Structures are given as structure tokens and as C-alpha cells.
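What follows is a short report on a single structure.
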């Protein structure tokens with residue numbers, strides 16, 4: 001028996017040695033050979049899907065709530081609850097130094113390389129099983145969109161960056177300077193986006209052919225509408241620096257505004273319109289973000305909550321009382337945001353500050369019942385109802401004039417038990433306002449880890465109308481600007497404006513696009529961030545009066561952990577010394593770092 005085993009082992013060794021060369025030549029069985037990827041439609045599609053997944057359309061993070069709300073933090077819309085959330089403390093841009101480009105950094109050249117490789121190899125593949133030439137051209141156009149989108153995300157952060165449209169060869173030695181590319185100018189990046197979007201639009205079909213979750217020609221128009229608007233703003237409000245690496249000559253502003261305007265006008269031809277499925281204006285605006293693939297959504301990042309293809313926003317942001325949720329109320333809305341929303345009779349929401357700062361007791365339901373319906377769809381305030389329950393944040397209750405700050409049952413109010421101090425302690429000692437927008441209230445319960453299936457809208461018709469309004473205004477077409485803004489206001493249930501100013505455009509974008517990651521970037525491109533993003537952000541601390549059923553309000557002027565500061569250097573993020581050390585041709589560093 002022993003001899004048989006030895007002979008068997010010798011045979012294995014002999015066979016192994018005789019076949020060694022062929023074994024080494026074989027592709028690994030646990031991986032798909034690169035040479036095979038671009039010969040099969042399913043493999044091409046899988047590769048492209050991976051590129052979609054690695055494109056930063058939105059931050060939707062992991063274990064910390066600030067990863068979902070970085071632009072909200074920096075834009076002064078909301079703060080996270082925890083003081084311990086590391087980088088989220090830096091609302092003052094002190095993280096932006098020569099060694100750190102901050103919490104919204106994005107330097108994605110490995111992703112650019114992967115896209116370039118996909119474009120080159122699919123273009124060179126003559127026979128792709130299951131894919132004709134038309135479909136092949138469409139898949140390449142999708143990849144070109146992802147590349148242009150990524151360059152837009154980088155140029156709006158850093159200004160001029162290297163424009164690489166071919167996959168670079170791996171250098172033969174460490175001293176090979178082939179990879180040491182220089183920065184292109186900011187204008188060259190925007191002009192690349194201009195040329196690419198114009199070309200891609202001619203290739204991509206509409207949504208009926210592409211399906212949901214994939215880029216179609218009207219998504220490219222929406223991207224073009226936004227990107228060219230940014231370029232126009234940089235030209236008009238910025239300045240040319242570093243011998244043209246940063247900024248765009250002011251003479252070019254009108255050309256970019258015209259391109260944005262033209263792209264915006266095209267999108268209605270795709271059948272897109274403002275969402276108006278619900279009769280109640282607040283419910284309608286709320287459902288715009290929950291009724292997926294509706295008539296307003298041009299392109300969205302898709303989530304289904306299954307197999308971890310979900311996110312955690314609702315887990316962190318879902319409000320609660322007592323022990324109905326395990327986590328929540330993590331996205332605390334600033335008082336200034338609530339005051340941004342005006343009233344349906346035209347009164348300014350800013351007028352509320354003097355009342356809240358007075359000694360007058362407040363019934364929030366009564367005070368804010370006639371506010372802009374978008375407010376009621378976006379923000380939860382003390383005593384507001386959500387998913388069938390009232391949301392409380394009071395730190396105590398006056399009973400017969402005596403303040404009780406214990407979590408003791410006082411009685412019943414509006415059909416629910418009332419505790420002297422709100423039992424939902426996570427909601428206290430912050431701003432007393434929390435986010436409602438994007439939360440799937442009809443679901444009625446908080447989601448578990450990675451099971452939030454609410455899609456992230458990247459482009460919607462509401463934004464396009466606002467882009468059109470701004471571009472028209474800058475092109476001296478005030479009538480068209482007014483008409484576009486009034487479409488937005490009519491859908492919201494707000495009175496029409498009679499004239500339009502630049503401040504009206506700023507305000508309407510602030511309110512309509514609240515929490516959608518626009519405000520921070522808008523203030524930067526308009527060059528008003530030094531003023532707007534250096535302002536204090538506050539909140540409220542409230543106590544309930546049991547006899548009158550109203551709140552005593554104490555306005556907290558500064559609810560941030562640090563003093564907000566946005567300096568002139570922050571309009572561009574630093575390239576960083578580590579990158580410049582690796583590639584000296586990235587110099588010079590952006591001003592101020």
C-alpha cells in the first residue's frame with residue numbers, strides 16, 4: 001500500500017513537471033481574463049457597472065453620519081449630533097492646508113485610468129459577443145460621461161488639474177518621468193467637459209432605451225446645464241490666477257451661460273416636468289424624493305436595500321421618541337435654515353427671529369403652519385408629527401410655574417404621554433430641528449444597516465429650471481428667468497414673484513435645493529462664500545409650559561463646535577504637498593496654502 005502511494009505521488013510530480021509551462025500560461029480560474037472582458041457583452045457591462053459604482057455621484061458613506069452630509073456641514077445647512085465625529089468638527093476649513101484638502105476632497109486619477117482603459121479597450125475590440133456597433137458606441141459614451149463627470153467634480157474643487165484621456169503606461173523605472181503630467185488650466189477642463197458632453201449627446205438615446213439608473217442623453221444635457229453654469233460663474237465672479245491655471249477670462253462668461261441655457265431648454269423635450277402627483281403641496285414635495293423614477297427625475301443613483309445595495313441615511317437621520325429607534329436624529333438642522341423658508345402670504349421667514357428671541361411663548365404648529373410647504377416636507381420642529389408620532393426635544397416642562405427637568409410622566413397631551421423632559425435624549429442640546437427630507441416616512445419605521453432604498457437624485461428637472469433661470473438672468477433675459485423661477489414657486493405653493501433679482505435666484509436655489517448638496521458649491525462659484533459660509537449657525541433650546549401648551553424658546557446663536565471661517569484661499573482646495581512631491585509638475589500649489 002505504501003509503495004502504491006509513492007508511485008502515485010511520483011506520477012503527480014511527473015505530470016506537473018511536464019505541464020509546467022502550459023500551467024503557467026493559463027489564466028487564473030478564479031478571475032476573468034482581461035483579454036476576455038472585451039469580447040463578451042455581459043463582461044463589458046459588468047466592467048462598466050463597476051465604473052458607475054466607483055463614480056462619486058453622492059457621498060453615502062458608512063459608519064459616521066457626517067459621511068452622508070459633508071456638503072450640508074460645510075454649507076451651513078445641518079450639523080451632525082456627535083461632538084466626537086472627527087473631521088466633521090472642521091466646519092471652518094482649517095483642515096484645508098498644504099497637507100490636507102479637507103472633508104470633500106476628491107482626487108480620482110486611479111478611477112480616471114480605469115475609465116480610460118475601458119474606453120480604449122472596448123474601442124479596439126472588433127468582435128464583442130452580444131453587442132453590436134451601436135450598443136458598443138453607447139457603452140463607450142457612458143464611460144466618457146463618467147470621465148467628464150469625475151473631471152467636473154475635480155475642477156470645481158481644485159481648479160486646473162491634469163487632463164488625462166489615455167491610459168498611461170506603467171513606467172519602466174522609478175526615474176521614468178512619463179507619469180509626471182502637468183496641470184491643465186481650469187478653462188481647459190471646462191472646455192473638455194463642454195466638448196465631451198456635446199459629443200456624447202449625439203450618441204446616447206433617451207431613458208426609454210437606456211433604462212433607469214443609466215445615463216441617457218437628457219442626463220448629459222442636465223450635466224451640461226450644471227457644468228456650463230459653473231464655468232460661467234467662475235468667469236464672471238472669479239479671477240484668473242497662476243498664469244491661467246485658475247479662473248476663466250470674464251469675456252468667456254456669456255458663452256458658457258448660453259451653453260447652460262441651451263442645454264436646460266432641451267430637457268423638456270425628453271418628457272421631464274415638475275412632479276405634481278399629490279394635491280397637498282408639502283406632501284407633493286416630500287414624495288418627489290420617495291416616488292422613484294418619477295417624471296422629474298432625470299438621473300439617480302439607484303438603491304434597493306437588498307444585498308447591501310442600500311445606505312444608512314435613514315438609520316442615522318430617522319427621528320424618534322422613547323425607544324422606538326436604535327439611532328437617529330443625527331442630522332440636526334440649523335435655525336437659520338428654518339428662517340430661510342418664507343410664508344405663503346409672502347412674509348419673510350426671517351421675521352420669526354425677533355419673536356423667537358423674545359419672552360413670548362410659542363406654539364410651533366401655529367407659528368409655522370403657513371410656512372412654505374417645502375419647509376414642512378424638509379424639516380421637523382418641536383412637536384411636529386412624523387410617521388404617526390410627535391417629535392419632542394424639550395429639556396424640561398413648567399408645571400404650575402415650576403421647571404421639571406426629569407424624565408417623569410406629567411400627563412397626556414394630544415393622545416400621547418408627556419414626559420417633563422423629552423425621553424429622546426439624542427435630539428436635545430443641539431438645534432431642536434432635524435431633517436425630514438429624503439426620509440421614507442410612509443415606510444413608518446427606521447431601516448437597518450445598509451437597507452435604506454431611497455435613491456439619490458443626481459439631476460432633476462427642478463434644478464434644471466433653476467439653472468435655466470440663472471443663465472437667462474445672466475444673459476439679460478429677465479422675463480425668462482422670472483417665468484422659470486415662478487414655475488418652481490407655483491409647484492411649491494408659493495406666490496409668484498413680479499420681478500427677479502440675483503438675490504431672488506440665490507434664495508430660490510437655497511430653498512428648493514436645500515440639503516441636496518448645492519449650497520456649498522453655489523456660494524463658492526458665486527464668490528460669496530467668504531460672507532455666507534463664515535456666518536454663525538444657531539439653534540434652539542426649548543422648555544414646555546404645561547398650562548398654556550406652548551414653548552419657552554431660548555435661541556442659541558452658535559451651535560457649531562468651531563467658529564465658521566471661509567477665507568479667499570478656500571475657493572480652491574490645495575493640491576497638497578504630498579502630491580506635488582510625487583509629481584513636481586503639479587506645482588505651483590494653489591494660492592494661500
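The values are calculated or read from the model by the stated rules, or taken from the named source; none is laboratory data. Just so we're clear, the structure is a prediction, and the values are computed from it rather than from any experiment. FYI the Cβ positions are ideal-geometry reconstructions off the backbone, even for glycines, and counts take in every protein chain you see.
Within segment 273-285, the set of residues being more than 21 Å from the chain's Cα centre (by Cα), within 29 Å of residue 220 (Cα to Cα) and surrounded by 14 or more Cβ atoms within 10 Å (Cβ to Cβ) comprises 273, 276, 278, 284.
Looking only at segment 41-66, filter to residues that are out of contact with any helix residue (DSSP H, G or I) (no Cβ under 9 Å at 6 or more places or on another chain) and surrounded by 10 or more Cβ atoms within 10 Å (Cβ to Cβ); which one of those is modelled with the lowest pLDDT? Here the answer is 62.
Within segment 408-428, at least one residue is within 22 Å of residue 317 (Cβ to Cβ) and free of Cβ contacts under 8 Å to residues at least 12 places away in the same chain.
Residue 261 satisfies every condition listed in (1) in a helix (DSSP H, G or I); (2) farther than 23 Å from residue 524 by Cα except (2). The one condition from (1) out of contact with any helix residue (DSSP H, G or I) (no Cβ under 6 Å at 6 or more places or on another chain); (2) crowded, with 18+ Cβ neighbours inside 10 Å; (3) closer than 25 Å to residue 274 by Cα that residue 369 does not meet is (2). Which residue pairs have Cβ atoms closer than 7 Å, lie 6 or more positions apart in sequence or on different chains, and pair a first residue in segment 311-328 that is within 19 Å of residue 79 (Cα to Cα) with a second residue that is in a helix (DSSP H, G or I) and at pLDDT below 85? Short answer, once both residue conditions are applied: 316/65; 319/427; 328/426. Would it be correct to say that residue 116 is out of contact with any strand residue (DSSP E or B) (no Cβ under 8 Å at 6 or more places or on another chain), surrounded by fewer than 16 Cβ atoms within 10 Å (Cβ to Cβ), more than 22 Å from residue 576 (Cα to Cα) and in contact (Cβ under 8 Å) with a residue 40 or more places away in the chain? Here the answer is no, as residue 116 does not meet what is asked.
So for segment 453-468 (the condition being farther than 17 Å from residue 296 by Cβ, surrounded by 18 or more Cβ atoms within 10 Å (Cβ to Cβ) and at pLDDT 95 or above), does at least one residue qualify? Within segment 453-468 (the criterion being farther than 17 Å from residue 296 by Cβ, surrounded by 18 or more Cβ atoms within 10 Å (Cβ to Cβ) and at pLDDT 95 or above), the answer is no, since none of the residues qualifies. When the test is whether a residue is in contact with a strand residue (DSSP E or B) (Cβ under 6 Å, 6 or more places away or on another chain) and surrounded by fewer than 19 Cβ atoms within 10 Å (Cβ to Cβ), residue 361 passes it. Kindly evaluate residue 551 against the criterion of being touching a residue at least 24 places away in the same chain (Cβ under 8 Å) and within 30 Å of residue 409 (Cα to Cα). Yes: the conditions hold for residue 551. The set of residues in segment 366-422 being over 31 Å from the mean Cα position of the chain (by Cα), within 30 Å of residue 287 (Cβ to Cβ) and part of a strand (DSSP E or B) consists of 413, 416. Within segment 384-407, being touching a residue at least 12 places away in the same chain (Cβ under 8 Å) and within 26 Å of residue 438 (Cβ to Cβ) holds for 384, 386, 387, 388, 389, 390, 391, 392, 393, 394. Of all residues in segment 447-473, those that are within 30 Å of residue 305 (Cβ to Cβ) and more than 14 Å from the chain's Cα centre (by Cα) total 10. Of all residues in segment 69-113, those being more than 21 Å from residue 153 (Cα to Cα) and without any contact (Cβ under 8 Å) to a residue 12 or more places away in the chain number 1. Kindly indicate whether any position in segment 573-582 is farther than 30 Å from residue 253 by Cα and either assigned to a strand (DSSP E or B) or touching a helix residue (DSSP H, G or I) at 6+ places or on another chain (Cβ under 6 Å) (or both). Yes, some residue in segment 573-582 is farther than 30 Å from residue 253 by Cα and either assigned to a strand (DSSP E or B) or touching a helix residue (DSSP H, G or I) at 6+ places or on another chain (Cβ under 6 Å) (or both).
Sort out which residues of segment 513-544 are more than 21 Å from residue 237 (Cα to Cα) and without any contact (Cβ under 8 Å) to a residue 60 or more places away in the chain, and write them in order of number. 513, 516, 536, listed by residue number.
Scanning segment 286-319 for residues that are at pLDDT below 95, surrounded by 22 or more Cβ atoms within 10 Å (Cβ to Cβ) and in a loop (DSSP other than H, G, I, E, B) yields a count of 3. For segment 206-236, a residue qualifies if it is at pLDDT 95 or above and either outside any helix (DSSP H, G or I) or surrounded by fewer than 16 Cβ atoms within 10 Å (Cβ to Cβ) (or both), and the qualifying residues are 215, 216. Residues in segment 350-365 that are under 22 Å from residue 393 (Cα atoms), in a helix (DSSP H, G or I) and free of Cβ contacts under 8 Å to residues at least 60 places away in the same chain: 352, 354, 355, 365.
Take the residues in segment 181-205 that are closer than 14 Å to residue 256 by Cα and out of contact with any helix residue (DSSP H, G or I) (no Cβ under 8 Å at 6 or more places or on another chain); name whichever of them is surrounded by the fewest Cβ atoms within 10 Å (Cβ to Cβ).
That would be 195.
So, in segment 72-96, of the ones that are closer than 23 Å to residue 436 by Cβ and surrounded by fewer than 20 Cβ atoms within 10 Å (Cβ to Cβ), which residue ends up nearest to the chain's Cα centre (by Cα)? Ranking the candidates gives 85 first. The sole residue among 188, 239, 196 that is assigned to a loop (DSSP other than H, G, I, E, B) and free of Cβ contacts under 8 Å to residues at least 60 places away in the same chain is 239.
Restricting segment 534-549 to residues that are more than 23 Å from the chain's Cα centre (by Cα) and buried (at least 19 other Cβ atoms within 10 Å of the Cβ) leaves a set whose member that is farthest from residue 245 (Cα to Cα) is 544. Considering segment 425-440, and only residues there that are surrounded by fewer than 23 Cβ atoms within 10 Å (Cβ to Cβ) and at pLDDT below 90, the residue that is nearest to the chain's Cα centre (by Cα) turns out to be 426. Taken as a whole, the structure places residue 147 among residues that are buried (at least 22 other Cβ atoms within 10 Å of the Cβ), part of a helix (DSSP H, G or I) and touching a residue at least 24 places away in the same chain (Cβ under 8 Å). Within segment 551-589, if we keep just the residues that are in contact with a strand residue (DSSP E or B) (Cβ under 8 Å, 6 or more places away or on another chain) and within 30 Å of residue 109 (Cα to Cα), the residue that is surrounded by the most Cβ atoms within 10 Å (Cβ to Cβ) turns out to be 572.
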